[in-house]
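The values are calculated or read from the model by the stated rules, or taken from the named source; none is laboratory data. Fair warning: this is a prediction, and the values are worked out from it, not measured in the lab. Neighbour counts run over all protein chains shown; Cβ positions are idealised from the backbone, glycine included.
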Amino acid sequence: MMTIEAAGEGVVAVAGRLDAAQAPAAEVFLNGVQGTVTLDASRLDYISSAGLGVLLKTQKRLAGSGGKLRLRGLSKPVRDVFAYSGFDQIFEIEPAA
Amino acid sequence: MQRGSRTQQPADLRGRAANAKSRSSEADSARFAPQIGSLMPLMVFAAEVFARRGLPPEWLAPVQLAMEELFTNMVKYGGERREPVLVQIAVSPGGVEVTLTDHDVAHFDVTQAPAVDISRPLHEREPGGLGLHLTRRLVDRLQYSYDPQRREARIAFRKWQAGGGQQ
């Protein structure tokens, strides 16, 4: 399961598993964000290429209008996937709050 | 998901087949309809095997990720309705071996998929191809075989402990 929801001004919290089954729902939600957004992923346990694709699309869309998607609090398995895909170079990643 | 009991391993994996605890030469197996809705049962199956066989918990995420990427590739490119995908998980001394067998499909060697340049800047990045790239990074060996008479594709990958005797 995956949950994604607004968690304060400019912050979105995602939790659970962002896999190919859950990626469409995450994409629908993230299509509605604007500006610079922090994605709190401290409770995200798992991400696959489908989830990465959603984040990449969101980052490109936001960057096109001067914004960006920042990530916060990646677990080690998720951080490893970011590193192996080079996404740690195209996303600003903050430690957990 | 159609749960199998325990099935004999494929011949190409049989050499090192043994449960780390019981030394069984069997593999856990189950069949999954080739659709995205099968992902959750597939992940649950992997987690159950890991728990029952006492496999290292830190391997579960990379093994599940490789399983998802290979399975979703089968779903995307496998064409119209066909038989369920057979998934087998076997424990060997120092490692785990996972095999996915798909039926009535065309040849596509996942080990020959083009490399992804992960150093490209944001505006040049596209999500395509990342799944197989990640799979190759996360597992220790990836093998593909195809039987043209049966139109059967078999993908096997292995995860080993460092110094665990990879062959």
Restricting the range A:6-26 to residues that are more than 10 Å from chain B (Cβ to nearest Cβ) and assigned to a helix (DSSP H, G or I), which is farthest from A:L74 (Cα to Cα)?
-> A:A25
Name every residue in the range A:46-66 that is touching a strand residue (DSSP E or B) at 6+ places or on another chain (Cβ under 9 Å), over 17 Å from A:P24 (Cα atoms) and more than 7 Å from chain B (Cβ to nearest Cβ), in order of residue number.
-> A:L62, A:G66
Going through the range B:116-145 in order, the residues found to be without any contact (Cβ under 8 Å) to a residue 40 or more places away in the chain and more than 24 Å from A:Y46 (Cβ to Cβ) are B:D117, B:S119, B:R120, B:P121, B:H123, B:E124, B:Y144
Does A:I4 meet the test of being under 24 Å from B:H133 (Cα atoms), in contact with a Leu (Cβ under 8 Å, 6 or more places away or on another chain) and either of a type in the set (A, V, I, L, M) or without any contact (Cβ under 8 Å) to a residue 12 or more places away in the chain (or both)?
-> no
The number of residues in the range B:116-146 that are surrounded by fewer than 14 Cβ atoms within 10 Å (Cβ to Cβ), facing another protein chain (nearest Cβ under 8 Å) and in a helix (DSSP H, G or I) is 1
Take the residues of the range B:38-60 that are touching a strand residue (DSSP E or B) at 6+ places or on another chain (Cβ under 6 Å) and closer than 22 Å to A:S49 by Cβ: which is modelled with the lowest pLDDT?
-> B:W59
Only one of B:M74, B:M43 that is within 12 Å of the chain's Cα centre (by Cα), more than 26 Å from A:K76 (Cβ to Cβ) and within 14 Å of chain A (Cβ to nearest Cβ) | B:M74
Among (1) loosely packed, with under 14 Cβ neighbours inside 10 Å; (2) part of a helix (DSSP H, G or I), the one test that A:F29 misses | (1)
Quickly run through the range B:48-66 and pick out the residues that are surrounded by fewer than 17 Cβ atoms within 10 Å (Cβ to Cβ) and either touching a residue at least 40 places away in the same chain (Cβ under 8 Å) or within 11 Å of chain A (Cβ to nearest Cβ) (or both).
-> B:P56, B:P57, B:E58
Restricting attention to the range B:147-167, the residues that are surrounded by 17 or more Cβ atoms within 10 Å (Cβ to Cβ) and at pLDDT 90 or above number exactly 7
